[in-house]
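The values are calculated or read from the model by the stated rules, or taken from the named source; none is laboratory data. What you see is a predicted model, and the numbers here were worked out from it, not measured in a lab. Backbone-built Cβ (ideal geometry, glycine too); neighbour counts: all protein chains shown.
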Amino acid sequence: MAEAGFRRAAAERWWWYAGLLAITLILLGRLGSFPLFDVDEGAFAEASREMLESGDWWHTTLNGADRFDKPILVYWLQAAAMHLFGVNEWAVRAPSALCAAASLLGLVLHARRLWPEASGERGRLAAGLLGTSAGFLLISRAATADALLNALLLLGGLRLVLFATQGNLRDLRWSVVWFGLGVLAKGPVALFIPGFTLLLWSLSSDRGRRFRQALADGPSWVLLLVICLPWYLYAWHRHGDAFIDGFFLKHNLERFSGPLEGHSGSLLYYVVVLPLLWLPWSALLLSLVWRVRQFWADSTDRFLLIWAVFVVVFFSLSGTKLPHYVLYAGMPIALLLARVMMDDHGGRGQKLGLLAGMLITPVLWLAMVGGVPYVAQQMDNGPVQQLLSTAPETSEVLAWAALALVLTGLSLFIPSWHGPKRWFLPAGVAAVFLAWVVVPWWGETLQGPVKAAGIWARSQGSMQATQWGLHQPSVGFYRQSETPRQAPQVGHWGLVQAIPQDGQTYVIGFESRGLRWVSPVAPQAVVAP
């Protein structure tokens with residue numbers, strides 16, 4: 001009997017590891033099948049390409065201008081990937097996907113130390129929940145710094161939980177390594193979130209003793225300074241006040257104090273966004289609210305709860321709001337949701353909520369695609385209306401949506417499956433549909449003309465080109481040449497949506513769905529009829 005139980009447990013573990021492998025394949029699959037999304041993906045990818053081209057690996061530029069938006073680590077990873085695999089979408093997105101896959105494996109392995117009595121089940125469940133959630137999937141296939149920071153916060157956060165609850169300084173120092181790399185990936189937020197979480201947990205648990213122990217650990221400070229300080233000192237030495245103003249003041253302090261680049265929202269912004277990011281598991285989020293007292297009574301769960309609530313509250317108070325900010329709470333929410341699934345043992349309410357999430361998810365993504373013609377009709381912006389009204393055909397999307405719904409329905413009635421395991425196949429089907437079908441369709445709809453324009457410009461050789469009234473950083477990536485934002489001179493080319501009605505004569509060299517390369521012609525070169 002004991003041997004049979006051991007074999008069943010081993011088979012269960014391998015089932016979950018096979019699931020993690022499947023999620024990794026979903027993350028890596030079709031990464032290069034759709035254009036980069038502007039502005040963020042295009043800006044990161046082009047800045048990394050310029051770094052690779054210049055050979056200056058300590059400084060980033062975008063279209064030749066200094067770029068202070070983010071620290072250096074993500075650019076190193078993207079430039080290294082392009083060096084190995086060429087300048088293409090797969091190369092610049094692969095670091096994000098690999099970081100996401102590594103974070104899920106780390107979640108499984110670290111959770112076994114936090115809950116040894118559960119034989120790793122909670123960590124496996126949490127990895128499955130996080131890895132198939134919509135927000136995690138989307139950001140983990142994007143050529144930005146967010147998947148990297150998510151992975152570093154997850155790995156460091158798990159070590160910090162172990163330090164908080166068990167007091168091992170080795171765990172504290174490992175957490176500092178991960179958070180220090182996070183500071184190189186996105187800045188002070190990588191220390192701010194875990195630091196305040198530890199402070200609040202310690203004040204509520206041991207009157208601040210564990211937090212003071214962390215502050216007093218000299219080797220942790222040495223590790224942090226060795227990891228972070230060299231690049232920050234170099235950037236300050238090279239750029240002086242421009243770096244301080246551009247990075248710390250504009251892209252950190254101003255981002256919190258007011259809306260940056262128009263990304264604003266109400267205090268309830270994340271009340272709406274969070275359930276969308278956690279599809280198809282959104283129904284479980286209500287259980288977190290009902291179980292706050294239960295979580296608070298457990299030392300480890302209290303740490304996770306404080307982390308999750310702090311992230312949501314902090315970014316709700318921030319002037320700049322973007323959906324992916326709340327994903328920094330992904331690790332604690334996933335682990336808390338995993339406890340909900342384990343405790344409920346598939347209760348009726350949970351089953352109904354999960355069933356609704358599984359069936360609604362592909363329908364929602366299909367509705368987003370199918371609603372594009374209607375949105376196009378409502379647009380006042382002529383070029384954008386033209387772009388959306390000429391979107392690619394949706395026949396492939398419809399076929400995949402039908403398949404996703406059928407497989408989802410069938411998987412829920414496999415008699416040999418029971419408990420939480422039965423929900424992960426339909427969640428995986430929904431994940432494939434979102435990552436491999438919906439997002440590529442959106443990418444081709446919104447960015448296809450930009451990619452085509454960049455490829456056309458590259459085929460013309462060393463043409464002088466600019467962006468005129470646009471901010472599409474990815475066009476430089478596809479041109480493989482800097483494309484600054486300014487009006488073109490006579491004989492040069494400018495990328496525009498609408499030809500200016502300024503009395504000037506323009507030659508059109510390329511046109512696709514409302515996007516054009518135009519070149520102003522000198523008056524004397526115009527031949528009268």
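Below are the figures for this structure:
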read-out	value
Residues located in the stretch 447-463, provided they are closer than 18 Å to ASN88 by Cα and in contact (Cβ under 8 Å) with a residue 40 or more places away in the chain	GLN447, GLY448, PRO449, VAL450, LYS451, ALA452, ALA453, TRP456, ALA457
Where PRO188 falls short, out of the listed (1) at pLDDT 95 or above; (2) surrounded by fewer than 18 Cβ atoms within 10 Å (Cβ to Cβ); (3) closer than 23 Å to LEU305 by Cα	(1)
Residue list for the stretch 225-247, filter: surrounded by 15 or more Cβ atoms within 10 Å (Cβ to Cβ) and either touching a residue at least 60 places away in the same chain (Cβ under 8 Å) or in contact with a Leu (Cβ under 8 Å, 6 or more places away or on another chain) (or both)	ILE227, CYS228, TRP231, TYR232, ALA235, HIS239, PHE243, GLY246, PHE247
Members of the stretch 104-119 found to be touching a residue at least 40 places away in the same chain (Cβ under 8 Å) and either touching a Leu at 6+ places or on another chain (Cβ under 8 Å) or assigned to a helix (DSSP H, G or I) (or both), listed by number	LEU104, LEU105, GLY106, LEU107, VAL108, HIS110, ALA111, ARG113, LEU114, ALA118
Qualifying residues in the stretch 263-302 (those that are over 17 Å from VAL326 (Cα atoms) and among the β-branched types (Val, Ile, Thr)) - the one surrounded by the fewest Cβ atoms within 10 Å (Cβ to Cβ)	VAL292
VAL326 vs. criteria of a type outside the set (S, T, N, Q), farther than 27 Å from PHE433 by Cα and within 20 Å of the chain's Cα centre (by Cα)	no
Odd one out for VAL189 among (1) without any contact (Cβ under 8 Å) to a residue 24 or more places away in the chain; (2) within 23 Å of ASP69 (Cα to Cα)	(1)
Residues of the stretch 69-78 classified as surrounded by fewer than 21 Cβ atoms within 10 Å (Cβ to Cβ) and within 23 Å of GLN467 (Cβ to Cβ), total	1
Criterion: over 24 Å from ILE360 (Cα atoms) and under 27 Å from the mean Cα position of the chain (by Cα) - qualifying residue of VAL397, VAL384	VAL384
The stretch 135-152 residues that are surrounded by 24 or more Cβ atoms within 10 Å (Cβ to Cβ), paired with ones that are not in a helix (DSSP H, G or I) (beta carbon under 7 Å, 6 or more apart)	ARG141/LEU31; ALA143/LEU36; ALA145/LYS70; ALA145/LYS186; LEU149/LYS186
Given (1) under 24 Å from PHE303 (Cα atoms); (2) modelled with pLDDT under 95, index of the condition GLY182 fails	(2)
Given (1) farther than 18 Å from GLU89 by Cα; (2) of a type outside the set (Val, Ile, Thr); (3) within 30 Å of the chain's Cα centre (by Cα), number of the condition GLY509 does not satisfy	(3)
Scope the stretch 312-356; condition of a type in the set (A, V, I, L, M, F, W, C) and not in a helix (DSSP H, G or I); matching residues	LEU322
Among residues of the stretch 76-109, those that are closer than 22 Å to TYR328 by Cβ and of a type in the set (Phe, Trp, Tyr), counted	1
Selection within the stretch 18-68 - of a type in the set (Ser, Thr, Tyr), buried (at least 16 other Cβ atoms within 10 Å of the Cβ) and in a loop (DSSP other than H, G, I, E, B)	THR60
Residues of the stretch 135-158 that turn out to be part of a helix (DSSP H, G or I), within 10 Å of the chain's Cα centre (by Cα) and not aromatic (Phe, Trp, Tyr), as a count	10
Condition check for ILE72: farther than 18 Å from LYS186 by Cβ and at pLDDT 90 or above	no
Answer from SER474, SER481, SER462 - the residue that is under 21 Å from LEU388 (Cα atoms) and of a type in the set (S, T, N, Q)	SER474
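Residue by residue, here is whether (1) more than 30 Å from LEU253 (Cα to Cα); (2) touching a Pro at 6+ places or on another chain (Cβ under 8 Å); (3) touching a residue at least 40 places away in the same chain (Cβ under 8 Å) holds:
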{"site": "LEU277", "(1), (2), (3)": "no, yes, yes"}
{"site": "ALA283", "(1), (2), (3)": "yes, no, yes"}
{"site": "LEU286", "(1), (2), (3)": "yes, no, yes"}
{"site": "GLN294", "(1), (2), (3)": "yes, no, no"}
{"site": "PRO323", "(1), (2), (3)": "no, no, yes"}
{"site": "LEU336", "(1), (2), (3)": "yes, no, yes"}
{"site": "GLN350", "(1), (2), (3)": "yes, no, yes"}
